[in-house]
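Chemist: Submitted below is the structure of interest, expressed as structure tokens.
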Amino acid sequence: MDSTKAYQVFVRALEVGSFSAVAREMGTTQSSISKIIASLETSLGVQLFARTTRKLHPTDEALQLYEHARQLLDTVDALTSASRKTQKAEASGLLRLTIPHSYGRRRLMPLLARFIERYPKVKLDIVMKDDILDLIGEGLELGVRIGTLPSNTLIARSLGIVEYTTVATARYLAKHGRPESPLDLAQHACIVSGTQSRWHFESEHGRQSVEVAGPIRVNDAEAICQAAQADLGIAQVPDWIVRSDFAAHGLVPLLDDYYPIPKPVSIVYPQTRFLTQRARSLIDFLVAEMRNG
């Protein structure tokens, strides 16, 4: 039994004179409150309340216990508040996290450099990996992930979305023709990202999906862009590599009326892990930075 919670229940029950009122305050059931009081009575070896159908009547032992319990709870509140203030002021220690390769280099590393400037007592150990790592098994506090999260054992904060554009070079299009709809991509050489051989599009006509294939498959966004620039086929490139100046990269945007479905970006940590102040500081920092730009 959580003794602090038990004393909280006892104090409130004595103050309001009703198990049901305490249950409403704490968002639980009257029977749960009754069981907590019964367990506390057993552990103390005294009866705390005489129960009637109308009202709770505290015993003499309960009245004597009340002041001590109230002081105990006040002390716990003070210690908790002091601890939070100390943690907030002293984000420190080694923080291990994993981030994707290309996205991490282009979008996160500049932000992480600014984070270190703001929190000089924090040291970062960064594992750059596109694979989904077991955070607990790898000793990692945080992970940044692109795409839908497959596991409900993680707590996630949104860092925004990644938007993609379908592109090819003018030389490739002159030789192989320009696709007019996503279904045309099945007849083209496409540069596939890892295991994602099906591309999904949204349009005013609804969602369309097409199975694609080509001469090269690579699990790095920058390498995909380079393969497209080398005339190897049609690719989907993310906004952190090619923003709006496609011509400067030697690429031509395709399928203007069909939009590749964006992917969410999240920073995650296990539900079972206590979130350190250094981890919480980094999460709040990245969320604010991404929201501002």
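Chemist: When 1/r is averaged over all different Cα pairs and the result inverted, which Kirkwood radius in Å belongs to segment 182-228?
Modeler: Computed over Cα pairs of segment 182-228, the Kirkwood hydrodynamic radius comes out at 11.3 Å.
Chemist: Where in segment 37-81 does the amide nitrogen come within less than 11 Å of the point 7 Å from the Cα of S3, taken along Cα to Cβ?
Modeler: Answer for segment 37-81: 44.
Chemist: Here's another thing I want to ask about it. In segment 261-287, which residues have a backbone nitrogen under 15 Å from the label point lying 7 Å from E138's Cα in the Cα-to-Cβ direction?
Modeler: 266-270
Chemist: I would also like to ask the following. Compute the convex hull volume of the Cα atoms of segment 3-88, divide it by the residue count, and report the result per residue in Å³ as a whole number.
Modeler: Expressed per residue, the convex hull around the Cα atoms of segment 3-88 is 98 Å³.
Chemist: Further, regarding this structure: Expected output is a single nm value to one decimal: the length gained when fully extending between S197 and L173, i.e. 0.36 nm times separation in residues minus the C-alpha distance. What is it?
Modeler: Extra length from S197 to L173 when fully extended: 6.5 nm.
Chemist: I'd like the FRET efficiency for L94 and I216, computed as 1/(1 + (r/R0)^6) with the beta carbon distance as r and R0 of 45 Å, rounded to 0.05.
Modeler: Efficiency for this residue pair is about 0.70.
Chemist: Taking the structure as given and computing Rg and Dmax of the Cα atoms in Å, which label from (1) 17.7, 55; (2) 29.0, 95; (3) 17.6, 52 fits?
Modeler: (2)
Chemist: Hey, what angle do you get for helix 277-292 against the long axis of the chain, alpha-carbon based, 0 to 90 degrees rounded to 10?
Modeler: With rounding to tens, the tilt is 50 degrees.
Chemist: I've got another one for you. Please list, ordered by chain and number, the residues whose modelled amide H lies under 5 Å from the amide H of M128; skip anything fewer than 5 residues away on the same chain.
Modeler: I99
Chemist: What shape does segment 164-261 take by its C-alpha gyration tensor, where a ≥ b ≥ c are the square roots of the eigenvalues and a/c under 1.5 counts as rounded, a/b above b/c as prolate, and the rest as oblate?
Modeler: Because its axes are fairly even, with a/c under 1.5, segment 164-261 counts as rounded.
Chemist: Just grab the label-to-label distance for A288 and D125, each label 7 Å out from Cα along the Cβ direction, in nm (one decimal).
Modeler: 2.7 nm
Every read-out reported here was derived from the displayed coordinates using simple, explicitly stated rules and does not represent laboratory data. From a predicted model like this one, the values you see are computed outputs, not experimental measurements. Backbone-built Cβ (ideal geometry, glycine too); neighbour counts: all protein chains shown.
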